[in-house]
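The values are calculated or read from the model by the stated rules, or taken from the named source; none is laboratory data. Bear in mind that the values here come from a model prediction, so they are computed numbers and not experimental data. Quick reminder, even Gly has a Cβ in these numbers, built from the backbone with ideal geometry, and neighbours come from all protein chains shown. SASA here: full protein model, heavy atoms, side chains in, ligands and nucleic acids out. Shrake-Rupley method; radii C 1.70, N 1.55, O 1.52, S 1.80 Å.
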Amino acid sequence: MKQPTPLQLREAVEAALRDGDVTPGTYTWPNGAQTPALYTGDPPEGVTVTGLEVLIPATPDSDVISTFAGAITIDRYPIRAVAHDGQSLTPFFTALASAFRSVAAPQVLQATDRYPDQILVTITP
């Protein structure tokens, strides 16, 4: 099975969020431009964010499974959502779980003094 390109994965995540009525927050770039807070990789220094931030890895994590027919590689994408405004992350998880064929149990990272609530959802497209 052919794995998605980073752009295809981003579009699939955007569609899942849209279908789940989940609205990403806003990035404000150093030049004042604003875009949805949905990024492949890590946003550059100087970008500020409000609301729900969604970070998609530029490259997948891979598992290699040996079988009688040879090795099989399974790519997984750990997608992180950060609630900069304190909103619930459950709708984000529900949207991804409804859209992708394989979604691992989420890893929830509770807020600390330095970081807001986060959730890591690993999907296998």
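Structural remarks
- A count restricted to segment 71-122 and to residues that are in contact with an Asp or Glu (Cβ under 8 Å, 6 or more places away or on another chain) and of a type in the set (A, V, I, L, M, F, W, C) stands at 10.
- Among the residues here, LEU109 does not qualify as open to solvent by less than 50 Å² (accessible area, probe 1.4 Å) and either of a type outside the set (Asp, Glu) or closer than 24 Å to GLU11 by Cβ (or both).
- Some residue of segment 35-44 being aromatic (Phe, Trp, Tyr), touching a helix residue (DSSP H, G or I) at 6+ places or on another chain (Cβ under 9 Å) and free of Cβ contacts under 8 Å to residues at least 24 places away in the same chain: yes
- Some residue of segment 56-71 being under 18 Å from VAL13 (Cα atoms) and aliphatic (A, V, I, L, M): yes
- Restricted to segment 1-58, the set of strands (runs of 3 or more DSSP E) holding at least 2 residues that are of a type outside the set (Phe, Trp, Tyr), closer than 21 Å to PRO91 by Cβ and open to solvent by less than 70 Å² (accessible area, probe 1.4 Å) comprises 52-56.
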